[in-house]
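What follows is a single structure, written as structure tokens, with notes after it.
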Amino acid sequence: MINLSFVQTFVALAETGGFSVAARQLGLSQPTVSQHVRKLEEVIGAQLIERHNARCTLTRRGEALLPQARMLLKSAERFIHTAAPQELTIGCSGNIASYFISPELKTFVEQVCPGLGWRIYTDSNPALLDALRSETIDVAAMEWPALEEGLQTHLWREEDLVVIAGPGHALSATDQISFAELEKLNLIGGESGSGTASALRRAFGAKADRLQVVQHLQSTEAVKSAVRAGLGCSIVLRRAVENDLEEGRLVELRVGKKKIRKSFHLTAANDIPASAPAAQLIDFLKSA
């Protein structure tokens, strides 16, 4: 059997190019690093490292085995993670964290994974993609699909967007407005990278690019406050303003009979096992 410590040392040498640097990185002595490589080469039956005093390079066999060595270490990490107490980190956009994920997560933990430890990590949609790449989070609930090699993306749900204005706005008593009236409004946007622009293009085509966003705020709550104060109008998720609309703090401006909808997507690494909490959460949310 191959000793994983030897494999880890081989990968460290390949990545650092030096015995002393690899030794410091691994917290080992330089003779121990040399011994690990020598024993791994004995097991493999081939030379993996060309030694050049303090520096080293991979042989052809070493270059061929390096990707497999990395995969082996990755598999070992996942094995340890699976054996340890289960915990799930869910990355969510601000809107999803504020208005959508909590009830579904509560039901998932109670019905599917009792005792599961969980953490909700909130950031912008582009930052969530970076967090997935760096494995800071296990699964991302995003407002657009992440179509990238190494990731799986699933449609979760579609939600209505609405145009909102303050109760004193000149158009507040109008049942419907035209697109020509919409493009004259000073719109206040929410967090960047939310996918709202794509939803508007699906609804209105290329003319959606004519809409005037005069300011970007970092949260829907901040947008609502600005709109209530009469600083402009906005296009937000209906779920985020339902109570405000019912209680008259905001009014909806309907653009003809056009529905504007935004899709939410669940994204995770391609290679997560079906038994992992992230995979189970995706399946649960898709079927809910």
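Among H154, H265, H36, H52, which comes first, second and so on when ranked by fewest other beta-carbon atoms within 10 Å?
Values: H154 14, H265 19, H36 22, H52 10.
Listing H154, H265, H36, H52 from fewest to most nearby Cβ atoms yields H52, H154, H265, H36.
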Next on the checklist: Just want to confirm a number: the relative contact order over region 113-172, from Cα pairs under 8 angstrom separated by 6+ residues, in percent.
Outcome noted: 18
Checklist entry - Which of these values of Cα extents along the principal axes in Å was calculated from the structure shown: (1) 63, 43, 36; (2) 57, 46, 35; (3) 82, 42, 28? => result (3)
Item to check | Lys pairs, the chain - Cα-Cα below 30 angstrom, 8 or more residues apart or on other chains | outcome: 25
Checklist entry - What share of the DSSP beta bridges in region 160-262 is antiparallel, in percent to the nearest 5? => result 55
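Taking square-rooted eigenvalues a ≥ b ≥ c of the alpha carbon gyration tensor, is region 160-262 rounded, prolate or oblate, where a/c under 1.5 means rounded and, failing that, a/b exceeding b/c means prolate? It would help to have the intermediate numbers written out before the result.
Details: a/c = 1.41, a/b = 1.15, b/c = 1.23.
Verdict is rounded for region 160-262.
Within region 201-249, report the GluC sites (Glu not before Pro) that DSSP leaves as loop and that have at most 12 other Cβ atoms within 10 Å.
Sparse-neighbourhood loop GluC sites (Glu not before Pro): E247.
Just add up the charged neighbours of G195: K/R +1, D/E -1, any other residue whose Cβ is under 9 Å from the Cβ of G195.
On the way: positive: K262; negative: E143.
With Lys, Arg at +1 and Asp, Glu at -1, the net is 0.
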Checklist entry - What is the local net charge at D244, summed over the other residues whose Cβ is closer than 15 Å to its Cβ (Lys, Arg +1; Asp, Glu -1)? => result -1
Item to check | Gain upon complete extension [E135, S29; 0.36 nm per residue less C-alpha separation] | outcome: 35.2 nm
Checklist entry - For S93, what is the net charge nearby, where nearby means another residue's Cβ is under 14 Å from its Cβ and Lys, Arg count +1, Asp, Glu -1? => result -3
Next on the checklist: Using a Debye calculation, one point per C-alpha and no hydration shell, please list log10 I(q)/I(0) for region 245-288 at q = 0.15 Å⁻¹ in order.
Outcome noted: -0.62
Checklist entry - Most fluctuating residue of A278, A222, A22 in a GNM of the chain with Cα springs under 10 Å: which is it? => result A22
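Would you work out the relative contact order for the chain, in percent, from Cα pairs under 8 angstrom that are 6 or more residues apart?
Reported as a whole number, the value is 21 percent.
Got the relative contact order for region 4-83 handy, in percent, Cα pairs under 8 Å and 6 or more residues apart? The partial results should precede the final answer.
Values: 74 pairs, mean separation 24.8, N = 80.
After rounding, I find 31 percent.
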Checklist entry - Where nothing but the Cβ of Lys and Arg (+1) and of Asp and Glu (-1) is charged, how large is the charge dipole of region 29-98 around its Cα centre, in debye to the nearest 20? => result 220
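Just so you know, all these numbers are worked out from the coordinates, no wet-lab data involved. Keep in mind it's a predicted model, so treat the numbers as computed, not measured. In this analysis, Cβ positions are derived from the backbone assuming ideal geometry, glycine residues included, and neighbour counts consider all displayed protein chains.
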